[in-house]
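Heads up: the structure comes next, in structure tokens.
The values are calculated or read from the model by the stated rules, or taken from the named source; none is laboratory data. Not measured: the values here are computed from a predicted model. Methodologically, a virtual Cβ is constructed for each residue, glycine included, from the backbone with ideal geometry; neighbour enumeration extends over all protein chains shown. Ligands, DNA and RNA are stripped out before the accessible areas are found, and what is left, the full protein with its side chains, is counted by its heavy atoms. Shrake-Rupley method; radii C 1.70, N 1.55, O 1.52, S 1.80 Å.
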Amino acid sequence: MARRLILFGAFDRHNFGDLLLAHCAAAAQPERAPLFAGLLARDLRAFDGHRVRALGEILATSPEDPGDLLHVGGEILTTTAWEAAVMLQSPAGAAQAISAFDRNRRARLAWATRVLKSRRRIPYVVGGADLPPGWRTGFRAVGGVAFGGLRKAQRAEVLRALRSGDALSVRDRVTQTELAAAGVAASLVPDPAAATRALFGTRIAQRATCSAVAAVRRRMPRWLALQLAAEWGDDATLAAVAAVAVATARRLEAGIVLFRAGLAPWHDDAEVLDRLAARIAADGPDIALIRFGSAAVFDICALLANAAACVGTSLHSWIVATSFDVPARCLVRSTGAKPAAYIDTWADEAPRQWISLSALAAMDGGGFLA
């Protein structure tokens, strides 16, 4: 009997990178028809995602049939149960949970356990002990830059799962070093989205004619694609980003397109982009400015592939843009951040490919690409 292939990852919520990684994982094994699993059942097909089933439901269905559970990329080694549960809520539900439980660690964990129907502290990591007999598990291009900062019990849970796997690869040297210090050897491979152009170039070229990208093309022949996570939403940071974005657009003789790379809680916030747009309009009234009208994965890919440049806090936006040879910079809060770790591992001239928050305010009029 053929073994079932279950692709397991954080593609049960809207995040550009995670939804794209699900496509990359399926494309890597075109001869198999995978099931897409998350922590909870979700249907993200409206955003070019997949119909995702809850992993617990899949494991309870014909557990005697052999299966291969492949953990699919992203920072799954350090996403806690609390973080995962909040990000799977609606914005209103997330705000309610944070208000009720954020100050009490035990209450947070208890609530997350109820929501996810799982007692795992790091729920996107599943070890052999959690699987039916005869099943195999593997980890492909996973990330865990903040592994050293996990609590002892969380670290132990992750290490047990990794040691039970049949294969383990990570996407950056920081994660590889952290795991090696804990006695776990992992190979180093690029994030699968680095092959976006090779895997999906034709599909993305077709999406360049979609209504959202066509609306951009009607307004501007060249554009800077700009994205910003909600946590960058304080007034001082928005002012600094807007000033450098305007300088960059003028240097490129381009307009600016604002887009969101994640709709889930703790990702990108529409209100933050509203305020950023207001700052850009004030600093650069001569700069054409558009809010991108789609959050679909391949529409975003088409926007990035045809941009004059791309800047943002989203690592996968940087990865996709660079796969199309589009100049890109990633904004990071500190040198130890996830994007900095990945870029330093794989990019030529790595220090010039990301910009720290502290360096942003000191940048001159040359813009992000100077």
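Each residue in the stretch 292-328 was checked for being over 22 Å from W266 (Cβ atoms), open to solvent by less than 20 Å² (accessible area, probe 1.4 Å) and either touching an Asp or Glu at 6+ places or on another chain (Cβ under 6 Å) or modelled with pLDDT under 95 (or both), and 1 pass. Taken over the stretch 329-346, residues that are surrounded by fewer than 24 Cβ atoms within 10 Å (Cβ to Cβ) and under 23 Å from R251 (Cα atoms) amount to 2.
Within the stretch 309-325, the set of residues being closer than 15 Å to D344 by Cα and within 12 Å of the chain's Cα centre (by Cα) comprises L315, H316, W318, I319. V145 meets all of the listed conditions (1) in contact (Cβ under 8 Å) with a residue 60 or more places away in the chain; (2) assigned to a loop (DSSP other than H, G, I, E, B); (3) out of contact with any Lys or Arg (no Cβ under 7 Å at 6 or more places or on another chain) but one, namely (3). Pairs meeting the criteria (first residue in the stretch 288-308 and of a type in the set (D, E), second residue open to solvent by 10 Å² or more (accessible area, probe 1.4 Å), beta carbons under 6 Å, at least 6 apart or on different chains) are D299/R207; D299/C210; D299/A212.
Residues that are touching a helix residue (DSSP H, G or I) at 6+ places or on another chain (Cβ under 7 Å), crowded, with 23+ Cβ neighbours inside 10 Å, closer than 19 Å to A81 by Cβ and in contact (Cβ under 8 Å) with a residue 60 or more places away in the chain do not occur anywhere in the stretch 164-175.
Could you look through the stretch 222-235, keep only residues that are part of a loop (DSSP other than H, G, I, E, B) and in contact (Cβ under 8 Å) with a residue 24 or more places away in the chain, and pick out the one that is nearest to M87 (Cα to Cα)? Residue satisfying both the conditions and the ranking: A229. Number of residues in the stretch 119-149 that are surrounded by fewer than 20 Cβ atoms within 10 Å (Cβ to Cβ) and out of contact with any strand residue (DSSP E or B) (no Cβ under 9 Å at 6 or more places or on another chain): the value is 6. For the stretch 3-51, the set of residues classified as of a type in the set (A, V, I, L, M), without any contact (Cβ under 8 Å) to a residue 60 or more places away in the chain and either farther than 18 Å from A81 by Cβ or open to solvent by 30 Å² or more (accessible area, probe 1.4 Å) (or both) consists of A22, A26, A33, L35, A41, L44, listed by residue number.
Under the condition of being in a loop (DSSP other than H, G, I, E, B), aliphatic (A, V, I, L, M) and more than 22 Å from K152 (Cα to Cα), the residues counted in the stretch 111-134 number 1.
Any chance the stretch 254-261 includes a residue that's surrounded by fewer than 19 Cβ atoms within 10 Å (Cβ to Cβ) and either in contact with a helix residue (DSSP H, G or I) (Cβ under 9 Å, 6 or more places away or on another chain) or modelled with pLDDT under 95 (or both)?
No, the stretch 254-261 contains no residue that is surrounded by fewer than 19 Cβ atoms within 10 Å (Cβ to Cβ) and either in contact with a helix residue (DSSP H, G or I) (Cβ under 9 Å, 6 or more places away or on another chain) or modelled with pLDDT under 95 (or both).
Between G67, G73, G56, the distinction of being open to solvent by 20 Å² or more (accessible area, probe 1.4 Å), in contact (Cβ under 8 Å) with a residue 12 or more places away in the chain, within 20 Å of A161 (Cα to Cα) and of a type in the set (G, A, S) belongs to G56 only. Inside the stretch 262-287, can you point out the residues that are part of a loop (DSSP other than H, G, I, E, B) and surrounded by fewer than 16 Cβ atoms within 10 Å (Cβ to Cβ)? P285, D286, listed by residue number.
Could you tell me whether the stretch 129-139 includes any residue that is in contact with a Phe, Trp or Tyr (Cβ under 9 Å, 6 or more places away or on another chain) and over 19 Å from V52 (Cα atoms)? Scanning the stretch 129-139 turns up no residue that is in contact with a Phe, Trp or Tyr (Cβ under 9 Å, 6 or more places away or on another chain) and over 19 Å from V52 (Cα atoms). Scanning the stretch 21-45 for residues that are closer than 26 Å to A112 by Cβ and hydrophobic (A, V, I, L, M, F, W, C) returns L21, A22, A25, L35, F36, A37, L39, L40, A41, L44.
When every residue of the stretch 208-222 is checked against the conditions, none turns out to be touching a Ser or Thr at 6+ places or on another chain (Cβ under 7 Å), at pLDDT 95 or above, of a type outside the set (K, R) and surrounded by fewer than 23 Cβ atoms within 10 Å (Cβ to Cβ). Of the residues examined, L238 is one that is open to solvent by less than 20 Å² (accessible area, probe 1.4 Å), part of a helix (DSSP H, G or I) and touching a residue at least 12 places away in the same chain (Cβ under 8 Å).
Screening A243 against (1) closer than 23 Å to S323 by Cα; (2) open to solvent by 30 Å² or more (accessible area, probe 1.4 Å); (3) part of a helix (DSSP H, G or I) leaves a single unmet condition, (1).
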